[in-house]
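Taking it in order: structure first as structure tokens, then the write-up.
The values are calculated or read from the model by the stated rules, or taken from the named source; none is laboratory data. Quick caveat: nothing in here was measured; it's all calculated off a predicted structure. Positions of Cβ are backbone-derived with ideal geometry, glycine not excepted, and every protein chain shown enters the neighbour counts. Ligands, DNA and RNA are excluded from the accessible area calculation, which covers all protein heavy atoms including side chains. Shrake-Rupley method; radii C 1.70, N 1.55, O 1.52, S 1.80 Å.
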Amino acid sequence: MSETIAFKPESLAQVHKIIARYPEGRQKSALIPVLHIAQKEFDGWLAVPVMDYVAELLSITPIEVYEVATFYTMFNMKPVGKYVLEVCRTGPCMLNGSDNILDHIRKKLNIKDGETSEDGLFTLKPAECLGACGYAPMMQLGKFFHENLTIEKVDEILDLCRQGAIALD
Amino acid sequence: MGKKLLLKNAHIEGIRYFETYRKHGGYEAAEKALKMKPEEILEEVKTSGLRGRGGAGFPTGMKWSFLAKPEGVPRHLVVNADESEPGTFKDRYLMEFLPHLLIEGMLISSYTLGSNTSYIYIRGEYSWIPDILEEAIEEAKAAGFLGKNILGTGFDLEIYVQRGGGAYICGEETALLESLEGRRGNPRLKPPFPAVKGLWERPTVVNNVESIAAVVPIIEIGGAEYAKIGVGRSTGTKLISACGNIKKPGVYEIDMTITVEEFIYSDEYCGGIPNGKKLKACIPGGSSVPIVPANLLLKTINGEPRYMNYESLADGGFATGTMMGSGGFIVLDEDQCVVNHTMTLARFYNHESCGQCTPCREGTGWMYKILKKIEKGEGKMEDIDLLWDIQRKIEGNTICPLGDAAAWPVAAAIRHFRDEFEWHVNNPELSQTQNYGIANYADPIPAVANN
């Protein structure tokens, strides 16, 4: 499978730059940063052939990649929508109404936690503390945090997503 | 207005860029440090009394002095920026707005420790911050403060930023090192400690972002002057990230001489509780530290004012007091349900357990399920005792402190707010539609003795 999967040249150059941060023979340390690049480049999730490709690149066994990829919550193990709505629901976000935000999204998009909307645009992913406790409730969308959320603000963000007018990176 | 050391220039526009940072005295401490001997800097840090700002509060100078220095073996400094404790968002502030303060602190610390390659391990979800840090690193390098032969001293230093993949456990120093080596964040057995065998089995010091940033003012003003700020063994300043039911959530720098009451109610800090509500309880040091009801939070068991410092917050120990922890200050108003809040924390720790130790892997799941049941009004009175029993069996029985972190919130909630748990059991129908806070809140609930 790995013959058909390859990073774009600029991503590959980035991978080699990351590997160079570690002592010789310690290229496995690059695994998590490389998985981030892989997830971004290959549709937002890590299919087995993608992980096998990463293993080959880093000269490690595929199982070493699988065990890491399945451990960390930022890596998606199944296909996701274009917009992954990661809504924090822990402690301070809960105190500030994150349950209402989550309920609103579930109803509005007619999806349950972890599911993707029928149009393939949105995946809802409740998250456990994203470090925005002072600006709660919040959600992460791509690279960015959207904080001090209200129902109206969420609706506005969803509309902007539908228009393709929101920054993810 | 309290003394500010870390955030004194935070209000200056463009302070995240080298030119502005330098214009306001940036890297002068590094210049001073590079003219000193590493052992002299270590003495200054020891004299300062700086305690690790990540939560454990262990003296930083002492930690540095444990670093093994075998001939010909490289050593490393790793900055712990895996800030994942609910309620804690202070390191994010430092990295986002004052990246050069961290870089300068790393330069001084790396020089002291003899690390030529240092890493910042940052939680993956802070996905825009590595760009800020990398830009700052490039700027510092261009100005000769990083790279080869820094300021002609012969000292070389490279700093790299490593993004994690989203796991609370990676804030534990050995799990962090495992993750940095490209594995699951499973904590290691100690000993050996990282100071002897750390990153790639090399001697390593792992320090929190705030601790490393604090090294800059220590060198600027001297360890002895730094130690004069604050009180007792709570020297210097501390960043507090305040959140929950307060008027002004945010990151504040305090000099640890103010009272908890002043911190919550004064306009300089949290500004009080919104909508005229009463203070019910608070978790002052990040989600893992014991929750305390308002009466014990504002006064010690002897009826004296409680202060925002390590000793005063811990007064009374785990029975009635709490801890400074990471400084993640979560305030609950009278309408909040302690059972519901504790359930969300139990869910968090269950989700974030690495699964390596059975008491934590299984126990956190049990606690979450039982709390969920009680909160829904489907619990029995025995469930409260079972919950107590489970947390006791987790605490101290795991190889890393995540087990304790999961057990303490549950223990403190039952200890101080048992009647709320009982209310949920006794009022199954009311539990479906409202919570204890709204239904029953009167005056703060007195604590019961530890057992």
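Observations on the structure shown:
- Peptides ranked, highest mean first, by Cβ atoms within 10 Å: ranges B:282-293, B:179-190, A:107-118: B:282-293, B:179-190, A:107-118
- Calculated mean residue ellipticity at 222 nm for chain A: -12000 deg cm²/dmol, from DSSP H runs with n ≥ 4 weighted as -39500 (n - 2.57), summed, divided by the residue count and rounded to 500.
- With all protein chains in place and a 1.4 Å probe, the accessible surface of chain B carries 51 percent carbon and sulfur.
- Area hidden from solvent between A and B (accessible, protein heavy atoms only, 1.4 Å, total, Å²): 3900 Å²
- Cut-off 11 Å between beta-carbons: net charge of the residues surrounding A:F7, Lys and Arg +1, Asp and Glu -1: 0
- Counting only DSSP H runs of at least 4 residues, each contributing -39500 (n - 2.57), and dividing by the residue count of chain B, the helix-based mean residue ellipticity at 222 nm comes to -13000 deg cm²/dmol.
- A:T90, A:T70, ranked by accessible area, largest first (probe 1.4 Å): A:T70, A:T90
- The accessible surface of the range A:1-149, taken with every protein chain in place and a 1.4 Å probe, is 52 percent carbon and sulfur.
- Percent RCO, i.e. relative contact order, over chain A, from Cα pairs under 8 Å lying at least 6 residues apart: 17 percent
- Residue-averaged beta-carbon neighbours from other chains (10 angstrom radius) around A:16-23: 3
- For the range A:61-169, the solvent-accessible area with a 1.4 angstrom probe is 42 square angstrom per residue.
- Charged side chains reduced to their Cβ positions (Lys and Arg at +1, Asp and Glu at -1) give the protein assembly as shown a dipole of some 780 debye around its Cα centre.
- B:S266 versus B:A10: modelled label distance in nm, points set 7 Å from Cα along the beta carbon direction: 1.6 nm
- Solvent-accessible area per residue for the range B:185-287 (1.4 angstrom probe, square angstrom): 32 Å²
- Global form of the protein assembly as shown, assessed from the alpha-carbon gyration tensor, a/c cut-off 1.5: oblate
- Ratio of Rg to Rh for the range A:8-148: 1.04 [Cα atoms; Kirkwood radius as inverse mean 1/r over pairs].
- Helix B:129-142 axis, angle to chain B major axis (alpha carbon atoms, nearest 10°): 20 degrees
- Against chain B, whose longest principal axis is taken from its Cα atoms, helix B:381-394 shows a tilt of about 20°.
- Average other protein chain Cβ within 10 Å of Cβ, residues B:116-125: 3
- Here the dipole of chain B is about 540 debye; that uses its Cα centre as origin and unit charges on the Cβ of Lys and Arg (positive) and Asp and Glu (negative).
- Gyration tensor verdict on the range B:334-376 (Cα atoms; rounded if a/c is under 1.5, prolate if a/b is larger than b/c, oblate otherwise): prolate
- Among the residues of B:248-255, the average count of other protein chain beta-carbon atoms within 10 Å of the residue beta-carbon is 1.
- Trypsin sites (Lys or Arg not before Pro) restricted to the range A:1-97 and DSSP loop, no more than 15 other C-beta within 10 Å: A:R26
- Pairwise FRET efficiency - A:E41 versus A:L160, Cβ, R0 = 25 Å, nearest 0.05: 0.55
- Normalised size of the range B:152-255, defined as Cα radius of gyration per 2.2 N^0.38 Å with N residues, equals 1.37.
- Cα gyration tensor shape of chain B, rounded if a/c is under 1.5, else prolate or oblate by comparing a/b with b/c: prolate
- Cross-link pairs exceeding 31 Å in C-alpha to C-alpha distance, out of A:K125/B:K376; B:K190/B:K238; A:K28/A:K82; B:K197/B:K372; A:K28/A:K143; A:K28/B:K238, comprise B:K197/B:K372; A:K28/B:K238.
- Paramagnetic label zone (point 7 Å from Cα along Cα-to-C-beta, B:K228; backbone N under 16 Å) in the range B:26-42: none
- More than 12 Å apart - percent of Cα-Cα pairs taken over the range B:96-140: 64 percent
- The mean accessible area for residues of the range B:294-375, using a 1.4 Å probe and ignoring ligands and nucleic acids, is 32 Å² per residue.
- With respect to chain A, whose longest principal axis is taken over its alpha-carbon atoms, helix A:98-109 is tilted by about 80°.
- For the range B:79-218, relative contact order (Cα pairs under 8 Å, six or more residues apart, normalised by length) works out to 31 percent.
- Residues in the range B:50-92 that, when all protein chains are in place, have 20 Å² or more less accessible area than the chain alone would give (probe 1.4 Å): B:P86, B:F89, B:R92
- Residue (of B:P203, B:N397, B:T300) at the positive-pole extreme of chain B, dipole from beta-carbon charges: B:P203
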